[in-house]
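As structure tokens, the structure follows; a few thoughts come after it.
All of the numbers you see were taken from the coordinates with simple rules; none came from a lab. These figures come from a predicted structure and were not determined experimentally. Please note: Cβ atoms are built from the backbone with ideal geometry, for glycine as well, and neighbour counts cover all protein chains shown.
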Amino acid sequence: METQTNGFYLDNPEYYNNRELSWLDFNYRVLEEAIDPNNPMLEQLKFLAIHSSNLDEFFMVRVAGLKDQVKMNFNEPENKAQLTPKEQLTGIEKKNRENVYLQYKRFNELKDLLKTYNIFITQPERLPEDLIDQLHNQFNTEILPTLSPLGIDAYRPFPKLNNKMLNLFVDIKLNDGEIKSAIVPVPTLLDRIIKLEYDGKKYIVFLEDVISLFIEQLFNGFEVINTYTFRVTRNADLTIHEDGAEDLLIEIEKFLKERKSGAAVRLEIDSRHIDTEVKSMFLMNELELTNKDIYRVNGPLDLTVLFSLVGRLEELFPELLYKPYRPQLPSSLNKNNVYDLALEKDVFFHHPYESFEPIVEFIKEASEDPNTLAIKQTLYRVSSDSTIIQALKNAAENGKQVTVLVELKARFDEENNVQWAKMLEDAGCNVIYGMTFLKTHSKITLVIKKVDGKVIPFVHLGTGNYNDKTAKIYTDMGIITTNPKIGEDAINFFNYLSGYSLKPDYNELIVAPFEIRDFFVDHIEQEIELHNEHGNGLIIAKMNSLTDKKVIKKLYEASQSGVKIKLIIRGICCLKPGIKGVSENIEVISIVGRFLEHSRIYYFHHNSEEKMYLSSADMMTRNMIKRVEILFPILDPKVVSRLKDILNLQLNDGLKGRIQNSDGNYQYNDAGNKHMNSQEMLMDEALLAAKEMRQSHINIGQPVRSRRRSFINKFKERLKR
């Protein structure tokens, strides 16, 4: 039964954005970065690639899930905007077709702009004749031997096409006039980008177009009447059968094989060469798709190839990239040893403005120190050549007690994590795979050391993964602490994960499932009560996505009571701000920029009894109900002050910030500082702090903090002007 609050039914679907359509709006904001003239040209190409990469995952998981619901005749609406699966798929198709059209329009515009730098992305038949001859020779010697044309007839059934792989569809006329079809898979181990030079110009052609140009050599004696490139996206969100599995690692390996051949959910066709409306009917029927599932595009398929293209061009045109930035020494750490400093105070880190290297060294030093007794860590996503993995192996080989939770169910990192799990087990680590039906998404490391005869737990807690590569492009935060209560919590947390015990009662940590959502609801209610008494209610929260209806409704109630709520949400936001009588005291800003905004920060004013938390969790139902997540308090007032400055900086970002209006649409933040990019400001701040630390020979103390305060004060003055 609906509940009425202040005369408004907060279950009204008009008060909510649909999750999937909100995600497409986020991906559109990524696309806008490819159009933003403030971004260098090669960076704009990267944003087109990011848009494509995001969309692949969206179809493999979200669209696939909705199509499964339709197949099972499930017609219940989702619980916020009240759209049925069919209605969601219809909305997705309409919005996404517009996005994809704009994506390829922008690609072709950037392709033309590259000509001013003598870079020509073209089709091979348009090359100078000398280059076509050179390319033909390369085709014969390097490409042709790797190709396998697959005829389709009674003796050669339609092949099982792998997920996201490029293929050529070919129609051939036989000598008796009969039309036959064949498919030519594009080899994945060959470089898709072929670079040629002639008369001072650089030409870029794609492998599939080269194969298409010389395709007749594969069908000697017959006439090729048409050919085009296509790509199938498949359902990759298949069920992992955890319950009753004797060994989850073996079950995951089976699952990975199944993923390659899930049901088709999207067919993409390069329509530059041919009118594919009729020609694609055969593929549609074989893949059991409809016309709504087909995307015919004016350009090469799978624009993630632009990552490689930029890699080819960046050395030639460094001026077309962002100005290089190297993460700086963390100002909270200065030149101190992290273990020595953590005995005195909590040490705060802000990546990628500040280097992730001290976190790597934290684990590496622990692996080598004879006073280290044990290391325990959760791993969700790690880099392919992880220094942290190597340190954990060394620790085990050095006789230390090493326990590692490797989350085998981390989507699209399952294969990588299976390999790490095996490697760590071989080195002597105690490896656990997570919990049944829950993903362990927490970011925590516990190092147990003997210091001056005492056993001390050192704890690292973070908002992001232990991945030294993504730590250079994701904004994340963390602390290293020897707070005894947090240390006790960390010990209990790992014992709960690795053994059999009831869920612990934690001192300081708030741990999902369930507890984090209840905690948020309780704190919002407290903010309402204190605001009713004192009139100064304020909540600021920064996260990747906001989807949980229970939390959203509680935020609406807070807004109705007059509490000011400021949300910085990069991606999905099911809450609609600015609705009179419902959410008029809520503002939502999204920042998409050079770095992926990944940190989660939660602030409650509580009548000046400020509460600040960082977390691995978003305010999403899946994070708070279906995952093991940690929300942890920031207890140092100086770090709280620094976090407030960062939040206010982003709320006033007028270059990259976009404000959501009451209709759910986003516009650039006209209320912000028109000349201020918060990410650039934070880079400048980190550079300034590092420079002053180098120039001085002081340990961490008031002088550096005073300089930071001066930097923030200058920013505030700029806002006033």
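Along the charge dipole of region 359-429, Cβ charges K/R +1 and D/E -1, which of 373, 420, 406 sits furthest on the positive end? Towards the positive end, the residue furthest out is 406. Dipole orientation for the chain: of the candidates 630, 149, 50, 630 has the Cα lying most toward the positive pole (charges on Cβ; Lys, Arg +1; Asp, Glu -1). In order along region 656-666, phi translates into HN-Hα couplings of 10, x, 10, 9, 8, 9, 5, 8, x, 8, 10 Hz, rounded to whole numbers, per the Karplus curve 6.51 cos²θ - 1.76 cosθ + 1.60 with θ = phi - 60° and x for Gly and Pro.
Charge dipole of region 411-452 (Cα centre as origin; +1 on each Lys and Arg Cβ, -1 on each Asp and Glu Cβ, all else neutral): 220 debye, rounded to the nearest 20. Given the pairs 449/485; 393/472; 393/503, which span a C-alpha to C-alpha distance of over 26 angstrom in this model? From the list (449/485; 393/472; 393/503), the Cα-Cα distance tops 26 Å for 393/503. When the charge dipole of region 511-676 is built from unit charges on Cβ atoms (+1 for Lys and Arg, -1 for Asp and Glu) and taken about the Cα centre, the candidate among 537, 669, 560 whose Cα reaches farthest toward its positive end is 669. Database remark: amide H of residue 272 closer than 5 angstrom to the amide H of 299 (H placed geometrically; neighbours at sequence offset of 5 or more, or on other chains; Pro and chain starts carry no H).
Stretching residue 580 away from residue 11 to a fully extended chain increases their span by 203.3 nm, per 0.36 nm per residue minus the current alpha-carbon distance.
Computed FRET efficiency, Cβ-Cβ of residue 369 and residue 36, R0 51 Å: what is it to the nearest 0.05?
About 0.60, to the nearest 0.05.
May I ask you to list the residues of region 202-225 whose amide nitrogen lies under 11 Å from a point 7 Å from Cα along the Cα→beta-carbon direction of residue 134? Those under the cut-off are 202-204.
So, with +1 on the Cβ of K and R and -1 on the Cβ of D and E, and no other charges, what is the size of the charge dipole of region 541-624 about its Cα centre, to the nearest 20 debye? Intermediate results must be reported in sequence, preceding the final value.
Numbers: 14 positive and 8 negative charges, 46 e Å.
Charge dipole of region 541-624: 220 debye, to the nearest 20.
Looking at this model, which pairs from 46/611; 164/201; 469/564; 376/566; 67/626; 345/564 are more than 30 angstrom apart at the alpha-carbon? Write down the numbers at each step before the final one.
Details: 46/611 38 Å; 164/201 32 Å; 469/564 37 Å; 376/566 36 Å; 67/626 22 Å; 345/564 32 Å.
Those over the limit are 46/611; 164/201; 469/564; 376/566; 345/564.
Sequence-ordered 3J(HN,Hα) estimates for region 186-194 from the Karplus curve with 6.51, -1.76 and 1.60 and θ = phi - 60° stand at 7, x, 7, 8, 8, 5, 6, 9, 10 Hz, glycine and proline given as x.
As a size descriptor, the averaged projected area of the C-alpha convex hull of the chain was calculated at 35.9 nm².
Only helices enter the 222 nm calculation for the chain: every DSSP H run of n ≥ 4 contributes -39,500 (n - 2.57), and dividing by all residues gives -11500 deg cm²/dmol, rounded to 500. Residues whose amide H lies under 5 Å from that of residue 432, counting only those 5 or more places away or on a different chain, are 404, 405, 406; hydrogens are built 1.01 Å from N in the peptide plane. For region 333-394 versus region 1-58, the inter-centroid distance based on Cα atoms is 35 Å. Percent relative contact order of the chain, based on C-alpha pairs within less than 8 angstrom and at least six residues apart? Relative CO of the chain lands at 11 percent. Using the Cα centre of region 511-676 as the reference point, and only Cβ charges (+1 on K/R, -1 on D/E), how large is the resulting charge dipole? Debye, rounded to the nearest 20. So the dipole magnitude of region 511-676 works out to roughly 680 debye.
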